[in-house]
Structure formats: C-alpha cells, structure tokens
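K.L.:
Quick one: structure below, then a few questions.
The values are calculated or read from the model by the stated rules, or taken from the named source; none is laboratory data. In this text, all values refer to a predicted model and were calculated from it rather than measured experimentally. Here the Cβ is made from the backbone with ideal geometry for all residues, glycine too, and neighbour counts use every protein chain on show.
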Amino acid sequence: MNNLRSEDFVEVKPGEALNPYSKVGELDSFANYLLRKWKAEKPGKYVITFTYSTAAESDVSWHGDFSGESGAKLKKMLEKVPRITVKSAPVVVEYVKDKK
C-alpha cells in the first residue's frame, strides 16, 4: 500500500458518483488485489458486498506522512473527510464448474 498523498483525495459532490477502482493520478484508487486473488473453491452461489470505511479514529490508520508542511496539508484534508462506513447492496454470483 502506498502512503496517503494529497493527490489521493477526490471530492465527490452530492449527486455525483465515484468509481473506487478508477485511476487517480499515477495510481489506482483502490487496488482490487482481493478480487484478483479470490477463487471460488467449489461451485455454488456466493454473496459479495463492497464496504468502504473512513471511520478510522486515528490519522495513523491512513498511513500518511504527517510531518512537515505536506503533512499539515494532509491533516487539513483529512479533517474534511466524514467518518462513515458505507456498504453496497449484496450481489449474488453463481460459480458453475466447467463440464469438460
């Protein structure tokens, strides 16, 4: 995981949407490494939900460098982030084994 940078902040205004997997600058917003690594172990239905949380109580949880002038800028930006957790509606996917 990269350190938090001011370039990682994206303002989402009321009524707007954000694709969490879109690029922000040179880096992906959120690496979907968990999705890429996951494989169904056996055929069946699986329920997937997406949870996004900014509810960390400590700035240290954000893995930023809060020293110096750039650190002060990061802290100010973090103060504007609402401390919430949102969860998507469940999506059901079905894995069917190939009949080779």
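K.L.:
Anything in region 61-86 that is touching a strand residue (DSSP E or B) at 6+ places or on another chain (Cβ under 8 Å) and either among the β-branched types (Val, Ile, Thr) or part of a strand (DSSP E or B) (or both)? List them, or say none.
P.N.:
Of everything in region 61-86, those that are touching a strand residue (DSSP E or B) at 6+ places or on another chain (Cβ under 8 Å) and either among the β-branched types (Val, Ile, Thr) or part of a strand (DSSP E or B) (or both) turn out to be GLY64, ILE84, THR85, VAL86.
K.L.:
Being of a type in the set (S, T, N, Q), closer than 15 Å to ASN3 by Cβ, touching an Asp or Glu at 6+ places or on another chain (Cβ under 9 Å) and modelled with pLDDT under 85 is the requirement here; does SER67 meet it?
P.N.:
No; evaluated as a whole, the condition is false for this residue.
K.L.:
Here's a follow-up. Return a yes/no flag: does region 2-14 have any residue that is under 23 Å from LYS76 (Cα atoms), among the basic types (Lys, Arg) and either assigned to a strand (DSSP E or B) or at pLDDT 85 or above (or both).
P.N.:
Taking every residue of region 2-14 in turn, at least one turns out to be under 23 Å from LYS76 (Cα atoms), among the basic types (Lys, Arg) and either assigned to a strand (DSSP E or B) or at pLDDT 85 or above (or both).
K.L.:
Suppose we filter VAL81, VAL60, VAL92, VAL96 for residues that are β-branched (Val, Ile, Thr) and surrounded by 10 or more Cβ atoms within 10 Å (Cβ to Cβ); which single one remains?
P.N.:
VAL81
K.L.:
Among VAL91, VAL47, VAL86, VAL96, which is within 25 Å of SER6 (Cβ to Cβ) and not charged (D, E, K, R)?
P.N.:
The conditions single out VAL86.
K.L.:
Okay, moving on. Restrict the check to region 33-44 and report whether at least one residue is closer than 26 Å to SER22 by Cβ and outside any helix (DSSP H, G or I).
P.N.:
Yes, region 33-44 contains a residue that is closer than 26 Å to SER22 by Cβ and outside any helix (DSSP H, G or I).
K.L.:
Taking GLU69, is it more than 28 Å from VAL12 (Cβ to Cβ) and more than 19 Å from the chain's Cα centre (by Cα)?
P.N.:
no
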